[in-house]
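The next block holds one structure in the form of structure tokens; read it before the comments.
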Amino acid sequence: MRAYVGAAGVAAVLLLGTASGPAVADSRSVGSDGFTIQDPRITESSGLAASRAHPGVYWTHNDSDDGAFLYAIDGRTGKTVATITMTGVGSPRDVEAISIGPDGNIYVGDIGDNLGGKWDHVWIYKLPEPKKLADQTVRATQYDVKYADGPRNAEAMMVHPKTGRVYIVEKGDDGGGLYEGPATLNASATNTFRRIADIDLWATDGAFSPDGKQLAVRGYFGGVSYKWNGGKPERQGQLSVPMQPQGESVTYTPDGKTLLYGSEGRGSEVEPVEVEGAGDSGDGSNSPSDQGGSGGDGGGSAFTGKAGAVGAGVVLILLFGIGRLLRRPKNR
């Protein structure tokens, strides 16, 4: 969705309390240090998913109606190593999200609604993740999706890594709902998604941890971590989301130790934030204050709802203006 929001540099990041930094450890997954997307065709990267079949590769796509294309990005170099053209899906309308299920399939969410929740249905596409990374055409299955309580605008879609169930987070002005799909998607019938929880964020993407125990949801200026709790999400705290020109995507690295945050724009940066405490406990679970660098419910930098995001944007604009006033003119 082309609602561009500008960042104002280091001063704004410090003011808003965000914190990001590369996760440096030899044992971490490829891509844990972040990368820059090099492909000039990718100008509106709106979703991000770590490959299951090809370690170190991350899948992305452009926003809106760019076409039925998926791009495999090398997490070491940021270069595109394969372009997938989907067939069997008609004309994509507003592609916003991508996720990989435990069945080895890639799920693509054509779930955006720039008309503000006017379309009576949206689509999810499913295709097998290619065994070989090369430019190719892959036939996908298209699923019709509706919401039990009427049309919604959404940009976040996640497939649970253990159950394979698909979830969508509404992009609501004052937060939105978490919608659960049927246990199995049906290509010959309408798939009804039902609201099961509230998400206190103007959400642009979400991701499950590899073990399925955590859910991270991001917006433009912050994020919220949830304990999955068997499908009854329990809010844990706020995520330390890096300030980006238009923060649209998030995914876990395969080892679950880093959250990668992506943005739209040509040559966009995918920035890492270490999941503090990941893997420290014997059962692989994290405490609320450990998830994604969260600071608990009482602190952090998440701006919940559309009003919060707009307010943060105003702060950035003011800071940018102050910076211009304080900047000394160069001698000619």
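Key figures
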quantity	calculated
Projected label distance in nm at R41 and T184, using a 7 Å step from Cα toward the beta-carbon	3.5 nm
D39 long-range amide H proximity, modeled H, under 5 Å	T80
Net lengthening on full extension, T87/D211 (0.36 nm per residue, minus Cα-Cα)	41.5 nm
T77 versus R194: modelled label distance in nm, points set 7 Å from Cα along the beta carbon direction	4.9 nm
Region 140-185 - charge dipole about Cα centre, Lys and Arg +1 at Cβ, Asp and Glu -1, debye rounded to 20	260 debye
Centre separation in Å (Cα based) which lies between region 62-127 and region 140-195	14 Å
Cut-off under 5 Å, modelled amide H: who pairs with G237 long-range	S225
Anchor K132: aspartates and glutamates whose Cα lies under 15 Å away (excluding residues fewer than 8 positions away in-chain)	D74
Estimated inter-spin distance, D66 and R165, nm [label 7 Å along Cα→Cβ]	3.1 nm
R0 of 30 Å, Cβ-Cβ distance K146-R266: FRET efficiency to nearest 0.05	0.30
Flagged links, alpha-carbon separation over 23 Å, of K162/K227; K118/K171; K146/K257; K162/K257; K126/K146; K118/K146	K146/K257
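Readers should treat all values here as calculations from the given coordinates under stated rules, not as data from a laboratory. The model shown is predicted, which means the values in this text are computed figures rather than measured ones. Neighbour counts are summed over all protein chains in view; Cβ atoms, including those assigned to glycine, are modelled from backbone coordinates with ideal geometry.
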